[in-house]
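Shown next, in structure tokens, is the structure this report addresses.
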Amino acid sequence: MSNDASTEKKARATHALIFELEYVGAMMRTVQYEAIKSAVSTKGVELTPILFSRSGMSPLNRAAVTDVLERAGKRVDAIEKAVAEVDKAVADYCENTAELDKGLEKMIKATQARSIPVLAFTTLSKDLAGKLMSRLGLDAMGVELVIPEEVKASFPRADDWLKMLKQCNKENVTLVALVSSQVACKGALTAGAACVVIPDQFTCCQDFGGAMLVLDSLAEEKPDAILDMTLRM
């Protein structure tokens, strides 16, 4: 099949699977927590999982550090070094140690076996996201990377989902979204997606009302059972 024909087929797709690259694909929130914990300790803050969970956990490192310091009642000036430390830890993880979630790998393959396109969206820079995609082997698997035009401190909300879907020509498809947080879940639901939530230790107590499934792990589930339920084939 030519590239033009392949692109046209993707554009005509009536179904799609999309997931959070960092948090569902690579479980990166723990890395951010540990890096922020180290960074804010120089400001006299002892970061705990509870404090981190309540801080908002922005995907933007500067906003995440700022939120933690404000919640701890600390000044948020002179945080360049702290933010740089978190940036470095995240980059190192993406480039050198990240591993693809095995349950997600099975889900991707099962989805592609049905000729359904699979997409990953990211809050990382284009360069770093590309390195993570390569590290996880997702580019070789044919997963399409969606890089939003704008990432806000709280992301992705409903308008962010709508913009991303328009960007990749998936506004009118039957969409299943694999997400890890309340913000991502609520936004995807508002945009019309069926949501499967795989929370981590920091998001497990959030409200996922409206989600079709909330799972401890994708690895413990049968991909085809999830697809039959969510993609309404």
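Just one of (1) over 27 Å from Met133 (Cα atoms); (2) out of contact with any helix residue (DSSP H, G or I) (no Cβ under 9 Å at 6 or more places or on another chain) fails for Thr30. It is (1). What about Val45, is it closer than 25 Å to Lys126 by Cβ and buried (at least 16 other Cβ atoms within 10 Å of the Cβ)? So Val45 fails the test.
For the range 139-187, enumerate the residues that are hydroxyl-bearing (Ser, Thr, Tyr) and closer than 17 Å to Leu124 by Cβ.
Ser154, Ser180, Ser181, listed by residue number.
Among the residues of the range 102-115, the ones that are out of contact with any helix residue (DSSP H, G or I) (no Cβ under 8 Å at 6 or more places or on another chain) and not in a helix (DSSP H, G or I) come to 2 in all.
For every residue, the table says whether it meets (1) under 12 Å from Leu21 (Cα atoms); (2) in the same structural domain as Lys163 (by TED's automatic domain parsing).
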residue	(1), (2)
Arg62	no, no
Leu69	no, no
Val83	no, no
Ala91	no, no
Ala113	no, yes
Thr122	yes, yes
Leu132	yes, yes
Gly142	no, yes
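For the range 33-40, does any single residue satisfy the condition of being under 17 Å from the mean Cα position of the chain (by Cα) and at pLDDT 95 or above? There is at least one residue in the range 33-40 that is under 17 Å from the mean Cα position of the chain (by Cα) and at pLDDT 95 or above. Under the condition of being in contact (Cβ under 8 Å) with a residue 40 or more places away in the chain and within 18 Å of the chain's Cα centre (by Cα), the residues counted in the range 46-63 number 8. Among the conditions (1) within 29 Å of Glu221 (Cβ to Cβ); (2) crowded, with 16+ Cβ neighbours inside 10 Å, the only one that Leu128 does not satisfy is (1). Considered as a group, the residues in the range 1-32 that are more than 26 Å from Glu95 (Cα to Cα), part of a helix (DSSP H, G or I) and not hydrophobic (A, V, I, L, M, F, W, C) include one that is modelled with the highest pLDDT, and that residue is Arg12.
The values are calculated or read from the model by the stated rules, or taken from the named source; none is laboratory data. Treat the numbers as computed from the prediction; the structure is a model and nothing was measured. All Cβ positions, glycine included, derive from the backbone under ideal geometry; neighbour counts span all protein chains shown.
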